[in-house]
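Notes follow once the structure below has been shown.
Every number in this text was worked out from the coordinates using simple rules, so none of it is lab data. A quick note: this is a predicted structure, and the numbers were derived from the prediction, not measured. Here the Cβ is made from the backbone with ideal geometry for all residues, glycine too, and neighbour counts use every protein chain on show.
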Amino acid sequence: MANLVRTRERRETMATRVRVLAVIVGVCLAVVAGAYWVVQGVHGPEYRELADNNRLRRFPIRAPRGIVFDRDGRPLAENVPSYNLLLEPDTSINVDKSLDFAAAILDTEPQQLRELLVAHRRERPVEPALIAENLTLAQVARFELAALEHPEFEVDVQQLRLYRHREQTAHVLGYLAEAGPGDLATGSYKRGDLIGRRGVESQFEGALRGADGERVVVVDSRGRAVDEFRRNAPRAGTNLQLAIDLDLQQTAQRMLQDKVGAVVALDPRNGAILAMASAPSYDPNLFARRLRPDDWVRLQTDPLHPLQNRSVQNALSPGSTFKIVMGLAGLSEHVVTPDTRFFCPGSAVFYNRRFRCWKPEGHGSVDLRLAIKHSCDVYFYNVGQRLGIERIARYARLFGFGSITGVDVPGEKAGLVPDAAWSQRTRKGPWYPGETISVAIGQGPLLVTPLQMAVMMAAVANGGRRPTPHVAETGGPGRAMAQGIPDWAWRPVREGLQAVVDSGTGHASYVPGLEIGGKTGTVQVVAQHTRIKANQMAFEQRDHAWFVSFAPVDDPQLVVAVFIEHGGAGSQAAAPVAKGIYEEFLKKRPDLRAAPPT
Amino acid sequence: MRSSSRSGPISGLLRLPEEAATAGIGRLGNVRWSLLLVALMLAVVGAATVHSASAEMPVEYLGRQLAWVGAGLIVFLVVFSIDYQRLALLALPLYASGVALLVLVLFFGQVRGGARSWFGFGPLGVQPSEVAKLATAILLAQYLAGREGEYLRPREIFVAVGIVLLPMGLIVVEPDLGGALMFMPMLAAMVLVAGVRKRDLVVAAAAALVVAAIGWGFMHGYQRDRVLTFLNPQRDPLGAGYQVRQSKIAVGSGELAGRGYMQGTQSQLRFLPARHTDYIFAVLAEEWGFLGVAFVLLLFGSFLFGCAEVAARARDRLGMLLAVGFFATFAFHILYNTGMVVGLAPNSGIPLPFLSYGGSFMLFCFAAAGLVLGVDFRRYVNR
């Protein structure tokens, strides 16, 4: 019986243990239920979004960007199809094998593709990774053939921006680059969008861009589209016609080859910019390729700043070209008449300091025409002394110096027109009369851009109407200059300018059959006490060269402003560049060629 | 005192008076039939979910699953009708056959899911590990029921462990770590209920840790991956973490009320792997939401408590240990699988009882249910 009791007790003990086990299992089951509640009840919406991310793929439908044409309808910036390779690593069964497969077709190292993939995953973990651009059609075909075994690859057709004329139109057009953090912050750009930088691409971004569409498809776990969820059509960008004349533009850029500088050619009647060249230049097509950061670094660190548009972003002393403004100001203010003469012995003393003329032996007795023709410094020292800095500054501003021209090219600089107030404000000191003498020949603190120079020349060519320059074909007529320059004052100055080209310092720009008025300028970079030839000096110590001009003198239709950085004398370095452009212009406008002298 | 199964006259004295009153007549009415009802409800839910899960598959699994459920019912009836005490007499030969099958499968079996674990008969297949599990449970219960002491002696624990370790080892070799692991809860629960000294328990736990550490050294690369991925799911989201992540997304996206039957995007668009077998519960969670999950978990809970109740009121140690063994096996399958689907446990090939598609395991579950209800049915038998 004792055994029986013991057995029964044992059975009860065991039953208790079973119940304890059951309670433990029950608690575990409750914990599991709790976990489902957390995942489904609490975080459900997040997981539902993840599920939608799984099944919905958004493909932007890129709006074709507006094509940019020159004035004759020749395309300058257009779109060509480019085949890019995208990799969706989630779809890949074995990423290493996928990369090996792709590397064999692309003829590259798997490791290189892996680095691109890793970099992409870090930045944009959910999007397919761009691992190759510009596939050949043969490569595209091989990826398409392997689509069943390698569904993780997708060949994506993108419209690639093509700048057919590469370096020749770089500064006018600008380029496209991937939208940066600042652009993304505006909310109108997504990661991976391209945005216009510099030039027309930037200025007319809103019109050129259009609006991207979107295709949302339902995909299965292999990435195969099983259904279309939604589609929004894109809106194409607006095409843009420029005032630029491709032939003149190419000529201008060619004339600047191996030089550092800028050329602006515009129609003085309406401000239409026919050519805007800057050297050294760059190939804007490089930026459309997204996988080449080394080119960007190289362009950024180039000491000659090829990205800079020197036509509008370089502000420098105008040198002797400023004598045009000085002559007109002197006449208008009646400090000289067209026949007033000054004697040039090679130098003159003002305010107890000797100022040299560029010609040591002197020009002798010169009136305004001769002073312009030979660019006599002493004549204009005298004009400058009689005018004083305030009146000089007023006339300089009248011609547009010291403020932006309003051109539709981004990044324009205003330059500087100094006066006493400027001196007090910026230098915290008085304006010295001796500085006025320097400014009279375009030296000193006065700074102008090549485009401002062209606009000034357009005003001179027009008899005072100063146009607003523009590269897009939308400019209006120039504004009339209200105050100031009497009609009779233009003629002697223009005669002087024509003499410059016919037989003066600008003769290197002489084109038979075309009457050109122009003015050279040479800007000293370092003070020279002994005169040595330009080619014997270090590049960065050589003078800057200017040449500004218009033609035909009687019915001006083209203004050409040339600036050559460290080119030496304006007569030798800048004037021949203008000559090349006038010759090209005459080819297009043979009607402007004057009848040969009989 | 020996186990009652061996000494009929004495065992009659063991019966409690109130039980004696109902003995013999109307016994079928006192069996906990709700256990079978719940199992069938689960099987119906499972078949419906398998239908949804295989909608996008080349094979429609609904018909096969229903056939397996039907076969399971027959197996249930056969096992239910066999007296477990008679079965226990055959424990050793059954066990030997199970082990022999496990050895044979290593040489003649088919490889499925990376493990050589199947005997194929045309389109059908049998997993000998499920047969071995049944046989092992019977031998283990029979052996432990025969121990006399209040607590098991260390030597007896060693024998119990040995009984389980032999088939386990053979399954590990296949290699099917998850399948082998399913022997452990049975062993632990039976030994615990049979009685272990605290001191021995501590030593056993320590020994288990050491074995686990050594086992880690013998693990296959993918098995280690699974464990490491479980510990840190971000470790390899594209590789071993894929299943876990997709499963969790499926479960979570079901939210409260579910996406609707056959409407789960994770299942229907094939993001969810093994969705008709090991991850069937993720399909259910996605399409029926937390309400469906709670309903099925309640069914499982009532099933498990039914098993525990049968064990607690079993007539003898053998019946009690048998029922406890299967209770623990079911509990572990259910907890591990549902936990794995929601990301609480590492990915492993452990199916969900009555829901997951799969013939052998379905038959095992019905056989186990038959054994458990057979124990309940015979709690009043006077022999």
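Per-structure values
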item	result
Cα gyration tensor category, rounded, prolate or oblate, for the stretch B:68-123 with a/c compared to 1.5	oblate
The protein assembly as shown - charge dipole about Cα centre, Lys and Arg +1 at Cβ, Asp and Glu -1, debye rounded to 20	2380
Net +/- balance of residues flanking residue A:371 in space, Cβ distance below 15 Å, scoring K and R +1, D and E -1	+4
Coordinate range along principal axes, alpha carbons of the stretch B:20-105, Å, largest first	55, 40, 13
Around residue A:487: net Lys/Arg minus Asp/Glu count, Cβ-Cβ under 13 Å	+3
Residues residue A:185 and residue A:488, FRET efficiency given R0 of 60 Å [Cβ-Cβ distance, rounded to 0.05]	0.55
Equivalent ellipsoid dimensions for the stretch A:57-241 as semi-axes, Å, which come from the Cα gyration tensor, largest first	32, 19, 16
Neighbour-limited loop hits for chymotrypsin sites (Phe, Trp or Tyr not before Pro), the stretch B:20-105 (at most 16 other Cβ within 10 Å; DSSP other than H, G, I, E, B)	B:33
Pairs from A:323/A:359; A:323/A:588; A:259/A:579; A:373/A:428; A:190/A:413; A:323/A:587 whose Cα-Cα separation, in the structure shown, is over 27 Å	A:323/A:588; A:373/A:428; A:190/A:413; A:323/A:587
Translational diffusion of the stretch B:29-380, µm² s⁻¹ [Kirkwood Rh, Cα pairs; Stokes-Einstein; 25 °C; 0.890 mPa s]	118
FRET efficiency for residue A:588 and residue A:421, using Cβ-Cβ distance with R0 set to 56 Å, rounded to 0.05	0.75
Rounded to whole Å, sorted largest first: equivalent-ellipsoid semi-axes of chain A, Cα gyration tensor	72, 27, 21
Residue-averaged beta-carbon neighbours from other chains (10 angstrom radius) around A:502-512	0
Most to least packed among A:143-151, B:334-342, B:160-168, A:181-189 [average Cβ atoms within 10 Å]	B:334-342, B:160-168, A:143-151, A:181-189
Ordering of A:337-346, B:250-259, A:16-25 by burial proxy (mean other Cβ atoms within 10 Å per residue, highest first)	B:250-259, A:16-25, A:337-346
Selection from A:489, B:348, A:29 lying farthest towards where the dipole of the protein assembly as shown points positive, charges on Cβ	A:29
Segment residue B:206-residue B:78, extension gain: residue separation times 0.36 nm, minus the distance between their alpha carbons	42.0 nm
Binned Cα-Cα distance frequencies in the stretch B:305-383 - 5 Å width, integer %	3, 16, 23, 19, 15, 12, 7, 3, 1, 1
In degrees, nearest ten, helix A:2-36 long axis to first principal axis of chain A (Cα)	20
In nm, spacing of pseudo-spin labels at residue B:96 and residue A:557 (7 Å Cα→C-beta vector)	11.7
Least to most buried among B:133, A:359, A:373, A:190 (fewest other Cβ within 10 Å first)	A:190, A:359, A:373, B:133
Where labels lie 7 Å past Cα in the beta-carbon direction, separation of residue A:178 and residue A:13 in nm	7.3
For residues of B:298-309, the mean tally of beta carbons on other chains within 10 Å	3
Theoretical FRET efficiency, 1/(1+(r/R0)^6), r = Cβ-Cβ of residue A:305 and residue A:258, R0 25 Å, to 0.05	0.95
